[in-house]
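The structure under discussion appears below in the form of structure tokens.
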Amino acid sequence: MRMEAKVLVATAIATGTESSTINWVIMERKPWWPLFFKKLLQKYIKKIFQTKLIDTDSKITKFLEDIGREFNIFFNFKIVEPLIFLINTREEMDMVWGKKTEPWFVGATKNRNIYIFNESVFSSVSNHKQEDFWITLKHEYSHIYYLQLGNTNSPIWLHEGLACYLSGKKVSYENIAKDKFFDVFKYFKNVNSETYKIGQYWVEKLLNVYGKDKMVALISGLSANISEPDFATIFQKIYGIEYGEKSFKNLLES
């Protein structure tokens, strides 16, 4: 199907503060996105935002089309397209998240939509390079597949590790002590700066040893609010090994 993109330019109406503008990218996969839904969306957000639709950057459109085809093949699944909010200032990002965000924080998924700094301001509002915009957008877009396929973001190490892998992020594991890799079991619901790299390592290991079909089957078997014991049961059923340090030690040596 042909995909078209629009940017919904939303100007927030906030009492006592300056208005701020956030761009919303709507990827339309005709004939999936009905006109009535788009009108309903605009009517709803007009309570908070003044809105209008404009054509978006063809570069973003093509990028989303390309990674959409790539992810459709990987996951053997097509998503309902998310809204993508292109944010222009750190203050706007703080407003969206309801707290002060760190300089490294440039994008995330929330309510199954994507919030990311606009490419034009990406490096000036963060400690990232401008070209990191595309890696970050691809990372967050892969989260949408995981969330819609598995209906959860658990375990965090798998959710983030797979997004890092699919985004094409290059990492080196040489400086990580071997025992640190088993911290993966700390990252079922918790997250810190190590989660991404440790998660990516085990995603790469599982893909290299068992292939992508088992990983997609694992994600498909998840559910909202899944517990770690239930995840361990599904993991063992699909991979034929226990979800535990002993099995992962054997994987580490393979």
- Item | Neighbour-count ranking [beta-carbon atoms within 10 angstrom, fewest first] of K100, K186 | K100, K186
- Once both labels are modelled 7 Å past Cα along the beta-carbon direction, what's the F74-K186 spacing in nm? 2.7 nm
- Task: Provide E245, E119 in ascending order of the number of other Cβ atoms located within 10 Å of each residue's Cβ, fewest first.
- Result: E245, E119
- Based on the Cβ-Cβ distance from V121 to D179, what FRET efficiency comes out when R0 is 30 Å, to the nearest 0.05? 0.15
- segment 53-145: antiparallel bridges as % of DSSP beta bridges, rounded to 5, reads 50 percent
- Simple spin-label estimate for A232 and E91 in nanometres, 7 Å along Cα-Cβ: 5.0 nm
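Read-outs: derived from the displayed coordinates by stated rules, not from any lab. Model, not experiment: these values are computed from the prediction. Glycine also receives a Cβ, built like all others from the backbone with ideal geometry; neighbour counts cover every protein chain displayed.
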